[in-house]
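K.L.:
First the structure, which I've put down as structure tokens, then a few questions once you've had a look.
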Amino acid sequence: MRRVYLDHAATTAVHPKVLETMLPYLQNQFGNPSSIYSWGREAKAATENARAQVAALINAEPTEIVLTSGGTEADNFALTGVAAALGQRGRHIITSTIEHHAILHTAEELERNGFQVTYLPVDADGLVDPETLKQALTPETILVSIMFANNEIGTIEPIAELAQITKEHGALFHTDAVQAVGNIPIDVKELGVDLLSLSGHKVYGPKGIGALYVRRGTKIRPLIHGGAQERKFRAGTENVPGIVGLGKAAELAKLELPERRAHLTGLRDYLIDGVLSSIDYVRLNGHRTLRLPGNANFSFEFVEGESLLLSLDLAGIAASSGSACTSGSLDPSHVLLAIGLSHEVAHGSLRLTIGRENIKEDMDLVLSVLPNIVRRLRAMSPLAPEGEGLSYVH
Ligand SMILES: *Cc1c(COP(=O)(O)O)cnc(C)c1O
């Protein structure tokens, strides 16, 4: 059976050229970058080359890139590190209700440690209103953290405007750009952000590697203590194969971005139009145009998300849902609730995230099986209205 992977927001396959670049560093080029002999110097040179590649993707300076174990650590480092550095000046942080748990759970931990956190609401499309940020800023505010693009609904936030408001107020601005990097052009100088998180495995790089961009001069304390690696901002012997892989993934993303973006946007719009025109009682979650190139997120009324996923899996299609059973908790996705969906409608959500290796035939497979799956599941639902395939229920 042909299998179609449509969960690129969860993780991506390592690009063949990334793997090729990494292999020597898992084999004979195994040196520790801190060692002075040739093995060490070669590993050091490779990590510095990768740092420059990551910096180039977002128009940063290489010295402004701190390599981490991934997006989660970068987010933890940004919030906890700034709180530790500036906690004497103020103890208020602003974020949004739709952030990734790497931000939300770190913010909650800071609340337990005496910080006050404001969670900005979003509108029905998932957008943060810059006016609400203006109103939430206080003399105590030291940091604002708003994600670049949401991992569930794909909505792209007005980051330049939010960063400008924050800067005028004298606080620092962080953005979790894990989903945006490699999919949308990002220029940290133009955007005016102070800190930005990214992750390797969301951009065809390896898992377990990421980075935090830290604008030169930004006050931040390390999260991980030990040796003098990463200019003492992040201790621990470097994950050299991972770093080299992240660098190559960043180089390829910069090179291929316009092409990837056009390819993904075309497939996305084809899929969205096809689903909305072939299935009733469906809504598109997230903004229609201010949206990640590869993201499609729907809610189907009278359908359970996990049943949808199981049926799609039987058809060879990998997708994800914001329903409770797939999130590992009793509540459906906090993002879907934040944009105003009822629990019932949030339970019937389906996220399809497209990647560079997908083709139009993959979308056609979804469009050929999804209407029947939805019809069949609704036929078993006691909530679905008459005529929605209920003929054999009575
Ligand atoms: C995946 C993701 C993260 C976490 O990154 P990891 O590298 O998996 O730790 C953080 N934020 C967003 C928006 C993500 O999509």
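The values are calculated or read from the model by the stated rules, or taken from the named source; none is laboratory data. This is a predicted model, so every value here is computed, not measured. Methodologically, a virtual Cβ is constructed for each residue, glycine included, from the backbone with ideal geometry; neighbour enumeration extends over all protein chains shown. Ligands, DNA and RNA are stripped out before the accessible areas are found, and what is left, the full protein with its side chains, is counted by its heavy atoms. Shrake-Rupley method; radii C 1.70, N 1.55, O 1.52, S 1.80 Å.
K.L.:
Can you give me the distance in nm between label points at residue 35 and residue 281, each placed 7 Å from the Cα along the Cα-to-Cβ direction?
P.N.:
6.5
K.L.:
Report, to the nearest whole %, how much of the accessible area of the chain belongs to carbon and sulfur atoms, 1.4 Å probe, protein only. Walk me through the numbers on the way to the answer.
P.N.:
On the way: 9160 of 16800 Å².
Carbon and sulfur together cover 55 percent of it.
K.L.:
Mind listing which GluC sites (Glu not before Pro) in the range 277-385 are in a DSSP loop and have 16 or fewer other Cβ atoms within 10 Å?
P.N.:
On the way: sites: 301, 304, 306, 344, 357, 361; in loops: 301, 304, 357.
Here the sparse-neighbourhood loop sites are 357.
K.L.:
Work out which helices of the chain, taken as complete DSSP H runs, extend at least 27 Å along their axis over the Cα atoms and score a mean Kyte-Doolittle of -1.0 or more, then list them.
P.N.:
Within the chain the helices that satisfy the rule are 38-58, 240-278, 360-379.
K.L.:
Now for a different question. Under 27 Å Cα to Cα from residue 167, which lysines show up? Leave out anything in the same chain fewer than 8 places away.
P.N.:
Leaving aside lysines fewer than 8 places away in the same chain, those within reach of residue 167 are 134, 189, 219, 232.
K.L.:
To continue, here is another question. Explain nothing, just the number: dipole magnitude of the range 99-141 about its Cα centre with +1 on each Lys and Arg Cβ and -1 on each Asp and Glu Cβ, in debye rounded to the nearest 20.
P.N.:
Charge dipole, the range 99-141, about its Cα centre: 140 debye, nearest 20.
K.L.:
For the range 115-130, list residues with backbone N below 18 Å from a point placed 7 Å from the Cα of residue 108 toward its Cβ?
P.N.:
115-121
K.L.:
Only helical DSSP H runs with n ≥ 4 go in: add -39500 (n - 2.57) per run for the chain, normalise by residue count and round the 222 nm mean residue ellipticity to 500 deg cm²/dmol.
P.N.:
Mean residue ellipticity, 222 nm, calculated: -13000 deg cm²/dmol.
K.L.:
Another question, if that's okay. If packing is taken as the mean number of other Cβ atoms within 10 Å per residue, what is the order of 282-289, 106-113, 167-174, 238-245, highest first?
P.N.:
238-245, 167-174, 282-289, 106-113
K.L.:
Let me know the whole percent of all Cα-Cα pairs from the chain that are separated by more than 27 Å. All intermediate terms of the calculation are to be shown ahead of the outcome.
P.N.:
On the way: 39844 of 77421 pairs.
That tail contains 51 percent of the Cα-Cα pairs.
K.L.:
Then there is this: Under 19 Å from a point 7 Å along the Cα-to-Cβ line of residue 357: which residues of the range 272-295 have their amide N that close?
P.N.:
Residues passing the 19 Å test: 294-295.
K.L.:
So how far, in whole Å, is the C-alpha centre of the range 75-90 from the one of the range 105-124?
P.N.:
So the two Cα centres are separated by 13 Å.
K.L.:
With label points built 7 Å along Cα→Cβ from the Cα atoms of residue 59 and residue 262, find their separation and express it in nm.
P.N.:
2.1
K.L.:
Excluding residue 131 itself, what net charge comes from residues whose Cβ is under 12 Å from its Cβ, given Lys and Arg +1 and Asp and Glu -1?
P.N.:
In short, -2.
K.L.:
Long-range amide H contacts for residue 7: which residues qualify at under 5 Å (H placed 1.01 Å from N, peptide plane, sequence gap of 5 or more or a different chain)?
P.N.:
353
K.L.:
For residue 94, enumerate residues with amide H under 5 Å from its amide H, sequence gap 5+ or separate chain, H modeled in the peptide plane.
P.N.:
For residue 94, whose amide H was placed from the backbone, the distant partners under 5 Å are 118, 143, 144, 145.
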